[in-house]
Amino acid sequence: MQRGGVLGWSVGFLLAGVVYGSMTEGAADLVGDNEQARAIIERMGGQAGITDAFVSAMVGMLGLIAALYVVASVLRLGGEETSGRAEPVLAGAVGRLRWAAGHLVIAFGGSVLIMLLAGLGFAAGYGRDAGVILGACLVQVPAVWVIGGVAVLLHGLLPRAAVAAWAVAGAVLLLGWVGPALDVPQTVLDVSPYGHLPKLPGGAMSWSPVLVLLLVAAVLVGTGLAGLRRRDMTT
């Protein structure tokens, strides 16, 4: 059921990575003497060097967009419920958690896949630093998983309000894109899980925020699944 979506997102992220990678070498020329554009890219990327800042900013943008994939994939659970297709499956030997896990493996594992493909495309387009770029892409995954965890939580506890996960993803996306352009204070940017990620490449790798975000994602998913296990799925 999710094959087409995963394939489409995978191709899209691979091609986006190639395009961004091919632009990296000429990032300084692209910005030129536009100090405002340079400042925005450096704030997005968290680096003073334009090349590292550009790579970090573009990888961050892909990470933000990956949140839309994970929300769409998680909310397929709700689509299966409301369409009645889940009922005959759950009437058999398949339990609720096993049914949900099948979708969540695709949602969360698929987000890793598309970020890896974005990194491979980026490295191919740039022609260097493949390991560094792949690492920068994978660092985005914990924040993506937090947004996915919000979708699981809403579906498990408040299925009729699960669509609000799109609003959360949209707000995070808007904050990540518009925030640096408006020079929004870091305290506001930190409302988003992406605001806590290390700025790679170029910045120092910090495992603490990565591990905390993974823990937050696990708690959100676990709470959502606990709610799904107990609630009435006929409403």
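The values are calculated or read from the model by the stated rules, or taken from the named source; none is laboratory data. As the structure is a computational prediction, the values presented were derived from the model and not from experiment. Glycine also receives a Cβ, built like all others from the backbone with ideal geometry; neighbour counts cover every protein chain displayed. Accessible surface is based on the protein model in full, side chains and every heavy atom, while ligands, DNA and RNA are left aside. Shrake-Rupley method; radii C 1.70, N 1.55, O 1.52, S 1.80 Å.
Mean-square fluctuation check for the chain, GNM, Cα pairs under 10 Å: which of Leu62, Leu90, Leu189 is largest?
In this elastic network of the chain, the residue with the biggest mean-square fluctuation among Leu62, Leu90, Leu189 is Leu90.
Rounded if a/c is under 1.5, else prolate if a/b beats b/c, else oblate: with a ≥ b ≥ c from the C-alpha gyration tensor eigenvalues square-rooted, which is the stretch 129-178? Display every interim value, and only then the final one.
On the way: a/c = 5.31, a/b = 2.00, b/c = 2.66.
Here the stretch 129-178 falls in the oblate category.
Contour minus end-to-end for Met1 and Asn34, with contour as 0.36 nm per residue of separation and end-to-end as the Cα-Cα distance? Please report the intermediate quantities before stating the final value.
Numbers: separation 33, 0.36 × 33 = 11.88 nm, distance 4.67 nm.
Full-extension gain reported as 7.2 nm.
Note down the accessible area of Phe108, probe 1.4 Å, to the nearest 10 Å².
Per-residue accessible area (Phe108): approximately 30 Å².
What's the ranking of 1-10, 98-107 by average number of surrounding C-beta atoms within 10 Å, highest first? Working shown, then result.
On the way: 1-10: 14.0, 98-107: 18.0.
Averaged packing, sorted descending, gives the order 98-107, 1-10.
Place the peptides 140-153, 175-188 in order of packing, highest mean first, counting for every residue the other Cβ atoms within 10 Å and averaging per peptide. Spell out each step's value before the answer.
On the way: 140-153: 27.1, 175-188: 13.9.
Going from most to least packed, we get 140-153, 175-188.
Between the stretch 63-137 and the stretch 171-218, how far is it from one alpha carbon centroid to the other, in angstrom?
Using only Cα atoms to place each centre, the spacing works out to 21 Å.
Percent relative contact order of the stretch 96-143, based on C-alpha pairs within less than 8 angstrom and at least six residues apart? Numbers along the way, then the final one.
Values: 25 pairs, mean separation 16.3, N = 48.
The value is 34 percent.
Under unit Cβ charges (Lys, Arg +1; Asp, Glu -1), what dipole magnitude, rounded to 20 debye, does the chain have relative to its Cα centre?
Details: 13 positive and 13 negative charges, 214 e Å.
That gives a dipole near 1020 debye.
Between Ala171 and Leu90, what FRET efficiency comes out of the Förster formula 1/(1 + (r/R0)^6) with R0 = 30 Å and r the beta carbon distance, rounded to 0.05?
Details: r = 33 Å, r/R0 = 1.10.
Computed FRET efficiency for Leu90 and Ala171: 0.35.
Quick one: if you stick a label point 7 Å off each Cα along the C-beta vector at Val163 and Val178, how many nm between them?
Using points 7 Å along Cα→Cβ, the separation is 2.1 nm.
Apply the a/c threshold of 1.5 to the C-alpha gyration tensor of the stretch 87-148 and tell me whether it is rounded, prolate or oblate. Don't jump to the answer; show the numbers that get you there.
Details: a/c = 5.33, a/b = 3.17, b/c = 1.68.
Prolate, because a/c is 1.5 or more and a/b exceeds b/c.
Quick test of the membrane-span-like rule: which DSSP H helices of the chain reach at least 27 Å along their long axis (C-alpha atoms) with mean Kyte hydropathy at least -1.0? Before the final figure, lay out the partial values.
Values: long enough: 3-24 (31 Å, 1.06); 50-74 (36 Å, 1.96); 96-126 (45 Å, 1.32); 207-230 (35 Å, 1.62).
Taking the DSSP H segments of the chain (at least 27 Å long, mean hydropathy at least -1.0), we get 3-24, 50-74, 96-126, 207-230.
For the chain, give the percent of accessible area contributed by carbon and sulfur heavy atoms, probe 1.4 Å, rounded to a whole number. Before the final figure, lay out the partial values.
Working: 7420 of 11080 Å².
The computed percentage sits at 67.
Two decimals is fine: what is log10 I(q)/I(0) at q = 0.15, 0.18, 0.20 Å⁻¹ for the stretch 83-235, from a Debye sum with one equal scatterer on every Cα and no solvent?
-0.89, -1.14, -1.29
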